[in-house]
Amino acid sequence: MHNHSHVTAPPGRASNLAVARLFEEIAQSLEVAGEQGHRLRAYRRAAHGVAAESEPLEQLAADVCAVQEGLGFYAVINHGVSPAVIDDAVDQVFQLFHSPEEERQKYRGGYHLQGYWPAATTGHPDGEFAAEKEKISSLAGWTLLRERTQDDPKVKANKKHRTLNKWPDPKVVPLFRASMLRYQDAMLGLALKFLPIYAVALNLPPDYFASSFKAPEWYQRCNYYSAGRQGSGGIATVAHVDHSFLTLLPMSPVPGLEVRTHDKRWMSVSYVKDAIIVNTGEWLSQITNGRFLATPHRVVEPGHERVTLPLFLDPEDDSRNDPVPGSPPPLGKRSSWPRRTFHEHFVAYLSAHYKSDSSSGEK
Ligand SMILES: [Fe+2]
């Protein structure tokens with residue numbers, strides 16, 4: 001893996017990123033309603049995208065700020081991650097889930113909640129969505145952390161969720177590990193490019209977040225939706241918000257993702273070829289006292305095989321979720337967040353969303 005400690009201040013034209021059109025339904029409903037107001041710009045931005053091939057950092061930051069305050073979801077194009085790297089990783093996950101079930105069963109979650117998650121053991125709702133009882137879903141998963149080695153101090157200390165990754169048997173999927181590491185490396189490189197954009201969006205110096213991401217953590221899910229429940233009309237991934245600072249998700253041509261708008265409508269996401277969806281997680285929302293929204297989203301049963309590979313960018317474990325300068329005062333339930341370290345937050349999130357696996361004796 002590369003050493004990713006080089007989070008540098010951006011040049012004036014920081015990025016060839018552009019915001020892609022994503023929410024046709026929102027655009028159409030706004031036009032019908034003639035809606036005015038603060039959130040309109042965000043929705044228009046997410047709905048219509050931009051024509052520009054590249055934007056100055058300040059412009060991109062202003063757009064990101066508007067989207068994050070109003071909707072919390074957008075997608076980027078011209079992001080520089082090779083489609084071949086993404087396609088190759090997706091193909092490996094298909095191969096993994098097409099291998100015999102007993103091969104995957106050797107790698108169940110255990111103490112660190114990593115590895116294989118058979119269908120209906122993953123993605124449990126909590127908080128606002130706890131009433132959505134677990135149901136048989138087509139979703140199975142395989143979770144990966146930042147890759148570590150046996151001599152890593154956190155591995156030696158058996159720090160929760162900071163363990164060695166579980167990689168499937170190379171005799172079964174020979175290229176899986178190399179493909180996923182290449183994918184994570186490319187996606188992490190992109191994710192770190194957002195740090196100065198988000199800092200400027202919050203009127204902070206471009207390098208504001210650099211100290212929390214010198215050796216960033218990340219979390220990466222391999223989501224596999226089987227085709228077996230076609231036409232069920234059910235929910236494959238229950239509504240939730242992500243735990244992360246931000247989440248990157250290459251768009252799947254197989255639809256299913258829905259995002260909940262501020263007025264509590266569920267909107268499907270329009271497919272944009274080679275686009276990567278970006279959304280705020282709880283951590284970024286908490287450190288902005290809720291100014292940047294962590295938007296609920298879910299996946300309806302796709303009815304077709306579907307693979308998605310979200311990468312969750314996380315700060316270093318000892319970072320704290322104290323509000324950044326200039327945050328609005330906490331309001332209502334926003335002020336009920338415990339102020340704590342990222343590691344405490346991550347442990348709490350995973351224990352709320354994943355069934356612990358008592359069948360494994362692993363510690
Ligand atoms: Fe999510």
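Where a number appears in this text, it was derived from the coordinates with a stated rule and is not lab data. Note that the coordinates shown come from a computational prediction; the quantities given were computed from them, not determined experimentally. Positions of Cβ are generated from backbone atoms using ideal geometry, with glycine treated the same way; all protein chains shown enter the neighbour counts.
Summary table below
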item	result
Out-of-range pairs (alpha-carbon distance over 30 Å; input Lys106/Lys159; Lys193/Lys273; Lys166/Lys264; Lys166/Lys193; Lys171/Lys214; Lys106/Lys264)	Lys166/Lys264; Lys171/Lys214; Lys106/Lys264
FRET efficiency, 1/(1 + (r/R0)^6) with R0 25 Å, evaluated for Val272 and His304 via beta carbons	0.85
Relative exposure of Lys171, Lys160, judged by other C-beta atoms within 10 Å (fewest first)	Lys171, Lys160
Whole-number percent relative contact order across the range 139-255, with pairs defined as alpha carbons under 8 Å at least 6 apart	34
Net lengthening on full extension, Asp318/Ser211 (0.36 nm per residue, minus Cα-Cα)	37.4 nm
Compactness index (Cα Rg / 2.2 N^0.38 Å), the range 73-357	0.97
Relative contact order %, the range 211-321, counting alpha carbon pairs below 8 Å whose residues are six or more apart	48
Residues Thr247, Thr280, sorted so that the one with the fewest Cβ neighbours within 10 Å comes first	Thr247, Thr280
Phi-based couplings in Hz for the range 70-77 (Karplus 6.51, -1.76, 1.60; Gly and Pro marked x)	x, 9, x, 10, 8, 9, 10, 10
